[in-house]
Amino acid sequence: MMNKNKIIIASVVVAMSALSTASAQKNFKQEADNMFAGYQYNSAAELYKKAYAKEKRKDIKAEEIFKIAECYRNLHDTKQAESWYSKAIEAKYPNPKAVLYLAEMMKANEKYAEAIVQYNAYKELAPGDKKAEEGAKSCELAQKWKDKPSRYAVANETQINGASSDFSPMYADKKYNELYFTSTREGATGAVIDAITGGNFSDVYTVKRDKKGKWSTATPLGVEVNSAQNEGSVFLNNKVSTMYFTRCPIVKKKNMGCQILSSERKGMDWGIATVVAITVPDTIAVGHPALTPDESKLFFASDMAGGQGGKDIWMVEIDKKTKACGAPVNLGPTINTADDEMYPFVHDDGTLYFASNGHLGMGGLDIYKAEKSGDNFTGVSNLRYPINSAADDFGIVFEGKNERGFFTSNREGGKGDDDIYSFNLPALLHVTQGVVRDVDTQKPVAGAKVKLIGSDGSTVELTTDANGIYKFDKNGTEQYVKPNVTYQIYASMDKFFNSDKVRFTTVGDETSKTFDQALTLKSIAKPIELPNIFYDLGKAELRPESMVSLDGLVFTLNENPGITIKLGSHTDSRGDDKSNQALSQARAQSVMDYLVSKGIEIERLTAFGYGETAPKTLGSNLVTAAGLTIPAGTTLVEKYILKLKSKEDQEEAFQQNRRTDFLVLTTNYVSSKK
């Protein structure tokens with residue numbers, strides 16, 4: 001992309017006076033230098049090649065090779081520029097900038113690993129220049145962003161784009177079906193060929209989109225806007241009643257800088273454009289106008305003195321009555337760098353979007369955004385791939401508050417030089433689904449209630465189908481599972497304990513996801529043994545390790561506030577019946593006391609000591625430490641245990657009978673504390 005095409009405010013310089021053919025043959029280098037100084041890089045490159053072919057001195061040949069590379073760099077022919085910078089380095093060109101520019105061309109050609117090598121080489125040659133470290137970091141980020149792109153989807157608007165340059169799109173109606181853009185296509189108003197590019201001058205064109213989404217043939221705006229000079233970079237206010245644009249006039253073959261003009265709508269047409277009176281010298285370039293939604297401020301790009309380096313973004317306040325502009329204010333080093341910042345756009349939410357080749361980026365110009373903070377902007381961030389690429393990306397515009405619009409890029413695969421691309425942010429489609437099963441039988445539970453609770457305050461409940469399946473996807477046009485929310489999900493059912501709550505989050509997700517959550521319910525019909533409830537011999541006090549297991553019961557009771565339970569404690573058959581009964585009752589009471597100490601209401605609890613009267617029936621095979629298998633269904637009565645050959649096996653069987661369990665009594669308890 002040509003400098004002029006990237007920024008309409010670039011200087012427009014006519015060709016230097018022609019030398020005679022004989023003189024040119026004798027001094028190609030001098031004429032090439034003149035062409036280069038006049039920004040006529042195409043012509044300069046060809047002349048430098050002729051000079052290089054005839055030159056005998058190695059140092060001059062190296063300089064001419066470097067100048068050829070410079071021509072292609074300014075023409076944004078990055079592949080040719082990379083090739084010639086490599087040749088300049090091989091020819092021992094002494095200026096370290098050759099290495100820096102080679103790195104930048106490699107980056108622009110997506111050769112990130114090779115570019116990092118050259119940036120590191122430049123760092124050795126110019127250790128005080130931050131561009132080496134910043135360039136290498138940009139390459140690392142660029143590769144990372146390509147490997148993990150943002151959610152934006154982009155598409156080349158092939159119906160709009162032609163073989164030349166089409167750029168800087170702007171919505172031109174309130175329904176967002178008309179687009180103004182800048183183009184150098186055939187049919188431009190000016191009859192003179194642009195001396196910088198050798199192509200047409202740019203004009204402002206319009207296209208309209210029909211109900212089927214098809215764009216009309218592009219037509220130029222009238223002479224009220226387009227002239228024999230370069231026009232472009234249009235901006236319209238929200239009412240589409242006022243248009244701002246850039247024009248770069250040439251008077252008597254002299255560059256007069258660039259100006260911002262405005263025009264008021266007159267019915268279906270535009271009125272005669274007038275210059276916006278921004279206080280700068282005539283030869284200083286200003287352009288790329290962008291209004292704030294309330295039309296109180298006008299942002300623009302300029303290379304005027306007092307900036308941060310190259311072309312900066314500036315702002316003037318606009319008087320609402322007189323439309324007079326205040327003094328230009330530079331946006332400062334947060335936004336502007338020593339390089340170029342251009343193409344500002346202020347979103348309806350106040351966010352500033354702009355293009356820059358000075359911040360960490362992927363290649364040439366990248367598009368950035370900065371959040372509004374009072375009267376300033378902060379937090380500059382790159383829009384990443386695929387909005388940005390290794391090429392030049394700039395001139396973004398949004399469709400009101402929506403996350404869609406257009407921008408410009410000269411990336412690989414385009415139709416012309418600069419092309420207009422559309423973008424949109426597809427909605428995230430998050431789903432959570434699964435099957436609710438009985439934890440003991442593994443059979444699906446039909447009719448279970450599944451509740452989804454969001455950190456945004458949302459609560460949704462569904463019922464499982466005949467196969468125990470639930471699915472939270474769409475509720476009409478709304479999504480059950482929303483972006484940037486953390487959720488808890490659980491199942492409940494009569495005669496079952498509530499399932500454990502499963503936590504998942506969509507915070508930070510940039511792709512659609514399906515969360516598969518299997519939920520299990522446990523029947524409350526049978527006693528449930530509490531594992532690892534230990535007591536010292538002949539005592540009822542809980543040992544510390546027993547409390548961990550009981551804390552799990554506390555959690556279950558809190559998650560199921562409607563149940564009341566009977567706590568049962570059992571002993572083995574050794575010892576007398578009366579002592580075992582008393583000990584088991586005391587142990588059940590100690591469990592109950594612990595639960596009460598943890599906030600469980602005493603009305604929900606009953607303590608009962610069974611003594612040795614209810615030996616355990618194994619629900620699954622018991623394999624002892626000695627390797628004996630006692631089959632499931634065996635009731636561990638004393639007579640059976642004493643028939644076991646090993647004392648160790650007998651002790652393990654007796655230990656199975658020493659247990660604490662609980663049984664749900666009711667499921668409709670209502671707390672008196674509510």
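The values are calculated or read from the model by the stated rules, or taken from the named source; none is laboratory data. Keep in mind the model is a prediction, meaning the values are calculated, not measured. Methodologically, a virtual Cβ is constructed for each residue, glycine included, from the backbone with ideal geometry; neighbour enumeration extends over all protein chains shown.
With the condition kept exactly as written, say whether any residue in the stretch 637-659 is touching a helix residue (DSSP H, G or I) at 6+ places or on another chain (Cβ under 9 Å), touching a residue at least 12 places away in the same chain (Cβ under 8 Å) and part of a strand (DSSP E or B).
No, that holds for no residue.
Could you give me the residue pairs with C-beta distances under 7 Å whose first residue belongs to the stretch 39-56 and is closer than 17 Å to Gln80 by Cα, whose second residue is small (Gly, Ala, Ser) wherever it lies, and which are 6+ apart or on separate chains?
Filtered contacts from the stretch 39-56: Gln40/Ala15; Gln40/Ala195; Asn42/Gly198; Ala44/Ala32; Leu47/Ala32; Tyr48/Ala32.
Quick one: in the stretch 194-220, of everything that is under 17 Å from Asp417 (Cα atoms) and either of a type in the set (Phe, Trp, Tyr) or modelled with pLDDT under 75 (or both), which residue is surrounded by the fewest Cβ atoms within 10 Å (Cβ to Cβ)?
Restricting to residues being under 17 Å from Asp417 (Cα atoms) and either of a type in the set (Phe, Trp, Tyr) or modelled with pLDDT under 75 (or both), the top hit is Gly198.
Acidic (Asp, Glu) and closer than 30 Å to Lys495 by Cα - does that describe any residue in the stretch 631-646?
The answer is no, given that none of the residues of the stretch 631-646 is acidic (Asp, Glu) and closer than 30 Å to Lys495 by Cα.
I'd like to check something: does the stretch 372-392 contain any residue that is aliphatic (A, V, I, L, M), assigned to a strand (DSSP E or B) and under 30 Å from Ile116 (Cβ atoms)?
Step one: filter the stretch 372-392 for residues aliphatic (A, V, I, L, M), giving 380, 383, 387, 390-391.
Then keep just the ones that are assigned to a strand (DSSP E or B); that gives 380.
Pick out the ones that are also under 30 Å from Ile116 (Cβ atoms) and you get 380.
Within the stretch 372-392, one or more residues are aliphatic (A, V, I, L, M), assigned to a strand (DSSP E or B) and under 30 Å from Ile116 (Cβ atoms).
If I filter the stretch 361-377 down to residues being more than 17 Å from the chain's Cα centre (by Cα), surrounded by 20 or more Cβ atoms within 10 Å (Cβ to Cβ) and not aliphatic (A, V, I, L, M), which single residue comes out as farthest from Arg73 (Cα to Cα)?
Of the residues in the stretch 361-377, the ones more than 17 Å from the chain's Cα centre (by Cα) are 363-365, 372-377.
Pick out the ones that are also surrounded by 20 or more Cβ atoms within 10 Å (Cβ to Cβ) and you get 363-365, 377.
Still in the list and also not aliphatic (A, V, I, L, M): 363-364, 377.
Numbers: Gly363: 13, Gly364: 11, Phe377: 32 Å.
Checking each candidate, the answer is Phe377.
Would you list the strands (runs of 3 or more DSSP E) that sit entirely within the stretch 294-370 and hold 2 or more residues that are within 26 Å of Ile116 (Cβ to Cβ) and of a type in the set (Gly, Ala, Ser)? Step through it out loud before you land on a result.
Numbers: elements: 297-302, 312-317, 341-346, 352-356.
Strands (runs of 3 or more DSSP E) meeting the threshold: 352-356.
Just to be sure, is Val460 in contact (Cβ under 8 Å) with a residue 60 or more places away in the chain and of a type in the set (Val, Ile, Thr)? I'd like the intermediate steps shown before the answer.
Numbers: in contact (Cβ under 8 Å) with a residue 60 or more places away in the chain: no; of a type in the set (Val, Ile, Thr): yes.
No.
For the stretch 104-149, what are the residues that are at positive phi and either assigned to a helix (DSSP H, G or I) or aromatic (Phe, Trp, Tyr) (or both)? Before the answer, list the steps.
Residues of the stretch 104-149 that are at positive phi, as a first pass: 110.
Once the filter is applied, which keeps residues that are at positive phi and either assigned to a helix (DSSP H, G or I) or aromatic (Phe, Trp, Tyr) (or both), the stretch 104-149 yields nothing.
Restricted to the stretch 378-416, and to residues that are at pLDDT 95 or above and of a type in the set (Val, Ile, Thr), which residue is surrounded by the most Cβ atoms within 10 Å (Cβ to Cβ)?
Once the filter is applied, the top-ranked residue is Thr408.
Within the stretch 332-352, does at least one residue satisfy the condition of being closer than 28 Å to Thr158 by Cα, touching a helix residue (DSSP H, G or I) at 6+ places or on another chain (Cβ under 6 Å) and either without any contact (Cβ under 8 Å) to a residue 12 or more places away in the chain or not assigned by TED's automatic domain parsing to the domain that holds Asn109 (or both)?
Within the stretch 332-352 (the criterion being closer than 28 Å to Thr158 by Cα, touching a helix residue (DSSP H, G or I) at 6+ places or on another chain (Cβ under 6 Å) and either without any contact (Cβ under 8 Å) to a residue 12 or more places away in the chain or not assigned by TED's automatic domain parsing to the domain that holds Asn109 (or both)), the answer is no, since none of the residues qualifies.
Within the stretch 437-447, is there a residue that is of a type outside the set (Asp, Glu) and in contact with a Phe, Trp or Tyr (Cβ under 7 Å, 6 or more places away or on another chain)?
Initially, the stretch 437-447 is screened for residues of a type outside the set (Asp, Glu), giving 437, 439, 441-447.
Subsequent filtering for residues that are in contact with a Phe, Trp or Tyr (Cβ under 7 Å, 6 or more places away or on another chain) retains none.
Checked against the condition, which is being of a type outside the set (Asp, Glu) and in contact with a Phe, Trp or Tyr (Cβ under 7 Å, 6 or more places away or on another chain), the stretch 437-447 yields no hits at all.
Within the stretch 48-98, can you find the residues that are among the basic types (Lys, Arg), over 19 Å from Ala391 (Cβ atoms) and surrounded by fewer than 21 Cβ atoms within 10 Å (Cβ to Cβ)?
Our first condition is that a residue be among the basic types (Lys, Arg); within the stretch 48-98, this holds for 49-50, 54, 56-58, 61, 67, 73, 79, 87, 92, 97.
With the extra rule that they be over 19 Å from Ala391 (Cβ atoms), the set shrinks to 49-50, 54, 56-58, 61, 67, 87, 92, 97.
Scanning the stretch 48-98 gives Lys49, Lys50, Lys54, Lys56, Arg57, Lys58, Lys61, Lys87, Lys92, Lys97.
Give just the number: which of (1) within 30 Å of Pro149 (Cα to Cα); (2) surrounded by fewer than 17 Cβ atoms within 10 Å (Cβ to Cβ); (3) touching a Gly at 6+ places or on another chain (Cβ under 6 Å) does Ala518 not satisfy?
For Ala518, the exception is condition (1).
Determine whether Gly562 is under 30 Å from Glu461 (Cβ atoms), out of contact with any strand residue (DSSP E or B) (no Cβ under 9 Å at 6 or more places or on another chain), not in a helix (DSSP H, G or I) and not aliphatic (A, V, I, L, M). Please lay out each step first, then the result.
On the way: under 30 Å from Glu461 (Cβ atoms): yes; out of contact with any strand residue (DSSP E or B) (no Cβ under 9 Å at 6 or more places or on another chain): no; not in a helix (DSSP H, G or I): yes; not aliphatic (A, V, I, L, M): yes.
It is false that Gly562 is under 30 Å from Glu461 (Cβ atoms), out of contact with any strand residue (DSSP E or B) (no Cβ under 9 Å at 6 or more places or on another chain), not in a helix (DSSP H, G or I) and not aliphatic (A, V, I, L, M).
In the set Ala625, Ala607, which member is assigned by TED's automatic domain parsing to the domain that holds Gly562, out of contact with any Cys (no Cβ under 8 Å at 6 or more places or on another chain), modelled with pLDDT of 95 or more and not acidic (Asp, Glu)?
On the way: Ala625 fails: modelled with pLDDT of 95 or more.
Within the list Ala625, Ala607, the selection yields Ala607.
Please go through the stretch 197-244 and give me each residue that is over 17 Å from Tyr171 (Cβ atoms) and of a type in the set (Phe, Trp, Tyr), ordered by number.
Phe201
Scanning the stretch 412-457 for residues that are free of Cβ contacts under 8 Å to residues at least 60 places away in the same chain and of a type in the set (A, V, I, L, M, F, W, C), which turns out farthest from Lys107 (Cα to Cα)?
Taking the stretch 412-457 and keeping what is free of Cβ contacts under 8 Å to residues at least 60 places away in the same chain, we get 412, 427, 441-444, 446-447, 449, 451-457.
When the remaining residues are screened for being of a type in the set (A, V, I, L, M, F, W, C), the result is 427, 446, 452-453.
Values: Ala427: 32, Ala446: 59, Leu452: 47, Ile453: 47 Å.
This residue is Ala446.
For a quick check of your reading: which strands (runs of 3 or more DSSP E) sit entirely within the stretch 406-456 and have at least 1 residues that are among the basic types (Lys, Arg)? Step through it out loud before you land on a result.
On the way: elements: 419-424, 431-438, 449-454.
Of the strands (runs of 3 or more DSSP E) lying wholly inside the stretch 406-456, those with at least 1 residues that are among the basic types (Lys, Arg) span 431-438, 449-454.
Any idea which of (1) more than 25 Å from Ala540 (Cβ to Cβ); (2) modelled with pLDDT of 95 or more; (3) not charged (D, E, K, R) is the one Gly562 doesn't satisfy?
With respect to (1) more than 25 Å from Ala540 (Cβ to Cβ); (2) modelled with pLDDT of 95 or more; (3) not charged (D, E, K, R), Gly562 is out only on (2).
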